[in-house]
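*Asks:* Sending over a structure as structure tokens; questions will come in a sec.
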Amino acid sequence: MTTDTDYKNTMQQIPTSSIRKSKGLSIVWLVPLVALAIASWLMYTSLTGQGPEIMITFKNAEGIEAGSSKIKYKDVEIGAVTAITFSPDMRDVVVKARMEKIASRYLTDSTRFWIVRPKVSAGQISGLGTLLSGSYIGIDPGRTGNPRANFTGLEETPIVTAEVPGNTYILKADGLGSLDIGTPVYYRQIKVGQVIGYGFADNGKDVNITIFVNSPHDKQITTDTRFWNASGINLDMNATGIKLATESLATIITGGIAFESLPGSRPSETVASNTVFELYSSKDGISEEKFQQKDTWLLYFSQSVRGLTVGAPVEFRGIKIGKVSSIALEFNRKELSFRTPVSLTIEPERIFGRDVDFTTDDGHALLKEFIAHGLRGILKNGNLLTGQLLIDFDFYPDETKKKMTYESGIPVLPTKQTELEEITENLSSTLKKMAGIPFTQISQDLQTTLQTISTAIGQIPVQELSQDLRTTIQSTNSTMQQIDQLSKTLDSQTLPIISKTLEQLGITLAGLDASLGSDSPANYQLRQTMREVSTAVRSLRGLTDYLERHPESLIYGKENERP
């Protein structure tokens, strides 16, 4: 049992502590300070290592998710999507993303963003890797321009990025045709570029097609370079035969653009990027010379113009001087008739060079003189296979004189019917005239005449005439037999005797010639006698020949001596 004494003794033995005031910070606070410093350092390094936050506006955010979708450049992550929201008008989608610090210097006015999705088109297949990994945002870093944080994303993946060397050019055309983004560009059948965009020109009518040509092939594009649409197959049928041309098999399916310098052109300077060129419809068009002067003529046709199309050539004696610019149909209520006005775009420089300008008063005065001398426009068949028509001008002096008129300041030139129409019209006129001939009356008159002749013939004593004719023929046959007998007698009896006599006479004359001499008078007289005898013999032979051919002359005499 503890007593009070023991308790006091125990209390006296316990040491007591002395309290002193600290002169500094306790070491205990060092740990939280170090932790705070480390946290501050980590926060600082995190804030300084982060890139800027940007906002990208898209039409839709298909395949993009906040917190998981990335921003990649060459398949390397340089940013991440942090949030997705809408624009104030709810028409667009705004994607917020945090970029890496290394990308800060490349976020400029020229930077482009787009969503990479799987895509299969006629020209290419892209984005197949996103089928497993999901869609992401691609970036084309801007090398130039001012820094910015708000961007408008592209709806399509760009064909060419800033890292690809080359130049862009703009082609002006009437329409896009079969061309599309990704359509290849060829130089001598080798692919050197592609179409990267298209849109309307400032005038709202033409189409501007933007192409990119890779380096070093862009050095081939100069002031003399011409571009043409190489899509599909170019089939040309002319007097030299059939020509089939295409750049490659791909152009038949997806289309294409080709270019080259003008034939025979001298080396010229290269052009700057974004230079505007004209896109020709075919390769043949690049060789056509361009003319500055253009005039509008108007023609009226009353016949069918089937086969005549806008763009059809206008020729003068087979030489192209323009083309058809429009075709319409006009109704005349008073005459209840139709006619077809055809507007022509004429290039006078093709005919006269720059010496004559048809757009001036002097040019129109010369045109009036041409019309006065028979200048006419006529429809002609330009292709027998397709039935295409063209308009040809020529001089027809025999045509009715006409004058040139004007409609709204545009000269109206006279036209001429085609040869087929003239033949048809003449045939129709002839048929109309023939329709007026009274064939029925003529037939009746002819029948009456034939009956009259038949009646007159019936009154002739045919039997008596026939008997007299038989008697005459029998007498003629008897006479001919006698003449034939006489001719035979002359041939068999008389002529041999005469021949023998002549032979003896020749022998006698030879003897006389030998006895009398060649120069004697007797010899001369004998020669004369021989000539006369020879003449008589020839006459007798002629008589014999004549009687053989004409034995009836013994009765009736010669033809010119008959009564």
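*Asks:* Which shape class, rounded, prolate or oblate, goes with the range 254-334 when its Cα gyration tensor gives a ≥ b ≥ c as root eigenvalues, a/c under 1.5 marks rounded, and past that a/b bigger than b/c marks prolate?
*Replies:* Here the range 254-334 falls in the prolate category.
*Asks:* Tell me, in nm to one decimal, what length is gained between residue 85 and residue 364 on full extension, where the rule is 0.36 nm per residue of separation less the Cα-Cα distance?
*Replies:* 93.6 nm
*Asks:* Would you please classify the overall shape of the range 332-411 from the alpha carbon gyration tensor, given that a ≥ b ≥ c denote the square roots of the eigenvalues, rounded means a/c under 1.5, and beyond that prolate means a/b larger than b/c while oblate covers the rest?
*Replies:* Oblate shape, in that a/c is at least 1.5 and b/c is the bigger or equal ratio.
*Asks:* Here's another thing I want to ask about it. Among the listed pairs 294/323; 59/205; 59/96; 59/119; 380/401, give every one whose C-alpha distance is greater than 20 Å.
*Replies:* 59/205; 380/401
*Asks:* Okay, moving on. Using the per-residue mean of other Cβ atoms lying within 10 Å as a proxy for protection, in what order, highest first, do the peptides 191-199, 65-73 fall? Working shown, then result.
*Replies:* Details: 191-199: 18.7, 65-73: 15.8.
The most tightly packed comes first, giving 191-199, 65-73.
*Asks:* Follow-up. Describe numerically, in nm with one decimal, the distance between label points set 7 Å from Cα along Cα→Cβ at residue 294 and at residue 418.
*Replies:* For the pair residue 294/residue 418, the computed spacing is 2.8 nm.
*Asks:* Quick one: net charge of residue 388's neighbours, Cβ under 11 Å, K/R +1, D/E -1?
*Replies:* Overall, the nearby charge balance is +2.
Read-outs throughout are calculated quantities, based only on the coordinates presented, and are distinct from any laboratory measurement. Not measured: the values here are computed from a predicted model. As a convention, Cβ positions derive from the backbone with ideal geometry for all residues, glycine included, and neighbour counts pool all protein chains shown.
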